[in-house]
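Enquirer: Before I ask anything, here is the structure I am working with.
None of the figures in this text is laboratory data; all of them are computed from the coordinates on show. Predicted model, so just to flag it, every value in this text is computed and none were measured. Every residue, glycine among them, receives a Cβ derived from its backbone with ideal geometry; neighbour counts consider all protein chains shown.
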Amino acid sequence: MIRTTRLSALLLLLVCMVFPARPGAHAQAFQPLLVIVGSKTGITDISLAVLRRAFQGEPAEHAGKRLIPFNLPGGTPERTRFDRAVLGLEPQDVGRFWINRRIRDEGAPPRTLTSAELAVKVVASLPGSITYVSPSMVTPNVRVLTVDGKSPTQAGYPFGL
């Protein structure tokens, strides 16, 4: 028994040496997603229903302004969480969802940008555009929205911890 315990401890030590934890990886995985628009946009709150319509390729407006949604690249943790919360889909189902919508002429998917950095720049400069990012990506040129009146730090926020 003692020999097995020592062997297990040695194996665990070797694994930790070969695959060290990335600094902040644990904290980053549990950050809320933030829905953002340009800082000059008058929007401060958005309903989950309007957000869902916009990201399902349906015409969506807020305060008389047409929303232009932008997705982050597929496979990123942010995109996966957003698709689950807004579309109710797992990553392997998203492609099929959009093919079915296109066949039925029910809308096209939002444009996908190549990085969160680009998404922030586009949203900051294109009126009506909207996307989602991790807190570390927020700049003074964008505004973080509440969703259904809930801020990212409040219970009930749809993309929170």
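Enquirer: I need the shape label for region 27-147. Rule: rounded when a/c is under 1.5, else prolate if a/b > b/c, else oblate, with a, b, c from the alpha carbon gyration tensor. Kindly include the intermediate steps, with their values, before the conclusion.
Expert: On the way: a/c = 1.75, a/b = 1.21, b/c = 1.45.
Oblate is the answer for region 27-147, as a/c is 1.5 or above yet b/c matches or exceeds a/b.
Enquirer: Over region 27-147, what is the percentage of antiparallel beta bridges among all DSSP beta bridges, to the nearest 5? Numbers along the way, then the final one.
Expert: Details: 8 of 14 bridges.
Close to 55 percent.
Enquirer: Among 78, 90, rank each residue by its count of other Cβ atoms within 10 Å, from fewest to most, as a rough exposure measure.
Expert: Values: 78 21, 90 10.
Listed from fewest to most nearby Cβ atoms, that is 90, 78.
Enquirer: Still on this structure: Over region 27-147, what is the relative contact order in whole percent, taking alpha-carbon pairs under 8 Å and six or more residues apart?
Expert: Working: 201 pairs, mean separation 56.2, N = 121.
Once divided by the residue count of region 27-147, the mean separation gives 46 percent.
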